[in-house]
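The values are calculated or read from the model by the stated rules, or taken from the named source; none is laboratory data. Since this is a predicted model, take the numbers as computed values, not measurements. FYI the Cβ positions are ideal-geometry reconstructions off the backbone, even for glycines, and counts take in every protein chain you see. We work out accessible area using only protein heavy atoms, side chains counted, and drop any ligands, DNA or RNA first. Shrake-Rupley method; radii C 1.70, N 1.55, O 1.52, S 1.80 Å.
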Amino acid sequence: MNQEYGFDQLQQVAEQLWAEGKHHRIWAIHGDMGAGKTTLVIQLCRLLGIDHPAGSPTFSIINEYRLPNGEVLCHMDWYRLRDSEEAIQAGVEDRLLGEERCWIEWPERAEDLLPADTFHIYLKVVDATTRQIITT
């Protein structure tokens, strides 16, 4: 995926992302502050049937949600982590090695912990109401 979108297209973008990336257990969501990482995660959670997703887990580092099918989704925010060692101490590696689906904001803080088959999503600010999304 490589496209620009407006906030009014966020639901369609979430649907396209899910179709493209659902076979990946680990998603790394890259983007500068204010690019829309958390907003995108919340829309994806709603798409999957999580009625009340929390905001970014900046302070708790990990939010855990249960999908209607019983699957566990871990939403992580690594912004406050300095490096991989601190991520490991916070319990991140256990989640990455587990069976839960993990969506990670600020993955570059400990990118060496991510498995090779991680689904990478890059968000870039185009202007006040438009973003570009690229996946690899």
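Values computed for the structure shown
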{"item": "Breaking point among (1) open to solvent by less than 10 Å² (accessible area, probe 1.4 Å); (2) at pLDDT 90 or above; (3) over 21 Å from Lys124 (Cβ atoms); (4) not charged (D, E, K, R), for Ala28", "result": "(3)"}
{"item": "Residue in region 90-97 that is open to solvent by 30 Å² or more (accessible area, probe 1.4 Å) and among the basic types (Lys, Arg) present", "result": "yes"}
{"item": "Number of the condition not met by Ser84 [criteria: (1) farther than 17 Å from Lys22 by Cα; (2) in contact with a Phe, Trp or Tyr (Cβ under 8 Å, 6 or more places away or on another chain); (3) of a type in the set (Ser, Thr, Tyr); (4) open to solvent by less than 70 Å² (accessible area, probe 1.4 Å)]", "result": "(2)"}
{"item": "Residue in region 41-58 that is without any contact (Cβ under 8 Å) to a residue 24 or more places away in the chain, farther than 17 Å from Ile133 by Cα, within 14 Å of the chain's Cα centre (by Cα) and in a strand (DSSP E or B) present", "result": "no"}
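Residues are listed down the side, and each one gets a yes or a no for (1) of a type in the set (Val, Ile, Thr); (2) in contact (Cβ under 8 Å) with a residue 60 or more places away in the chain:
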site: Ile26; (1), (2): yes, yes
site: Lys37; (1), (2): no, yes
site: Asp83; (1), (2): no, no
site: Ile134; (1), (2): yes, yes
